[in-house]
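The values are calculated or read from the model by the stated rules, or taken from the named source; none is laboratory data. Note that the structure is predicted; figures quoted are calculated from it, not measured. Reconstructed Cβ throughout: ideal geometry from the backbone, glycine too, with neighbour counts over all protein chains shown.
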Amino acid sequence: MILIDGKKAAAELREELKIEVSELKSKYNKVPGLTVILIGDLAPSQIYVRNKEKSAIEVGLKSDVIRYPDSVEEKTVLNKIDELNNDDTVSGILVQLPLPKHIDKQKVIESILPSKDVDGFHPTNVGNLSSGYESSVPCTPLGCYLLIKKIEPNLSGKKAVIVGRSNLNGKPMTQLLLKENCTVTITHSKTKDLKTECLEGDIIVAAVGIPELVKGDWVKKDAIVIDVGINKTDKGIVGDVAFDEVSKVAKALTPVPGGVGPMTIACLLKNTIECFKRSQKN
């Protein structure tokens, strides 16, 4: 079995992006800029943002983090986003989720210009992705897609089973694999016989947040299995896939941690660079 090393793949992608940023700097005499807005002091969000900043600087991006306390008014955040929308040195804007309860997540997402929406959450980008037009693609599904392509460059005609239908992972993942001419089945908590559906898959992407849901006897021989789940349990951090069991049947499998996670941040940098390139064309 191939253990899909997300750390290695992310490091390779960052190297490619570093070269690209230096070429863009020579061509345009400026570099892409990523601005992250962080509200409150949730530990996981702090860690994520620190890692994003470190990676952005590593590839040569201009990186800014704007920090607000939990108590910040929604209007203050929206005004700041408006200011960043009009700032030519900012190619990408990311508001770190989750947000405090008094701030309307949808309003915040929709206030970011689609052309600067590096998370790919704006309804315009969601629509563009599902219509096959140019768009920012959410970072986690994009990372999963790139890992799958490393194992199997030609996905045409493959059966893909997506476990989970979230806007964050399941739905965009479906669009990416449809574009590759896969036959895609989306399953979820109300699916009648999940095991039977999974057994059909040449590719399984599990993104549902249930520890070790996908068992060894749910996976057909030589399937590619991508585990997006990060679940805290008594055994420590585990994914949505029962790793030991599935590793005996799968052709390739991502570990948790060290699989999809590192690719998510690398894809955020990729999206920032793509936003910059598109802005230079206009």
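Yes/no per residue for (1) touching a residue at least 60 places away in the same chain (Cβ under 8 Å); (2) touching a Cys at 6+ places or on another chain (Cβ under 7 Å):
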{"position": "76", "(1), (2)": "no, no"}
{"position": "91", "(1), (2)": "yes, yes"}
{"position": "96", "(1), (2)": "yes, no"}
{"position": "151", "(1), (2)": "yes, no"}
{"position": "157", "(1), (2)": "no, no"}
All conditions in (1) surrounded by 16 or more Cβ atoms within 10 Å (Cβ to Cβ); (2) under 17 Å from the mean Cα position of the chain (by Cα) are true of residue 161 except (2)
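Residue-by-condition table, conditions (1) of a type in the set (Val, Ile, Thr); (2) within 18 Å of residue 271 (Cα to Cα); (3) in the same structural domain as residue 254 (by TED's automatic domain parsing):
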position	(1), (2), (3)
10	no, yes, no
20	no, yes, no
23	no, yes, no
39	yes, no, no
48	no, yes, no
59	yes, yes, no
70	no, no, no
77	yes, no, no
Checked region 15-59 for anything surrounded by fewer than 21 Cβ atoms within 10 Å (Cβ to Cβ), touching a strand residue (DSSP E or B) at 6+ places or on another chain (Cβ under 8 Å) and not hydrophobic (A, V, I, L, M, F, W, C); matches are 40, 45, 46, 53
Counting only residues that are within 14 Å of the chain's Cα centre (by Cα) and surrounded by fewer than 18 Cβ atoms within 10 Å (Cβ to Cβ), region 167-179 contains a total of 1
Checked 138, 123, 69, 114 against criteria (without any contact (Cβ under 8 Å) to a residue 40 or more places away in the chain and under 14 Å from the mean Cα position of the chain (by Cα)); the one match is 138
| field | Filter result for residue 12 (surrounded by fewer than 17 Cβ atoms within 10 Å (Cβ to Cβ), within 22 Å of the chain's Cα centre (by Cα) and over 29 Å from residue 241 (Cα atoms)) | value | no
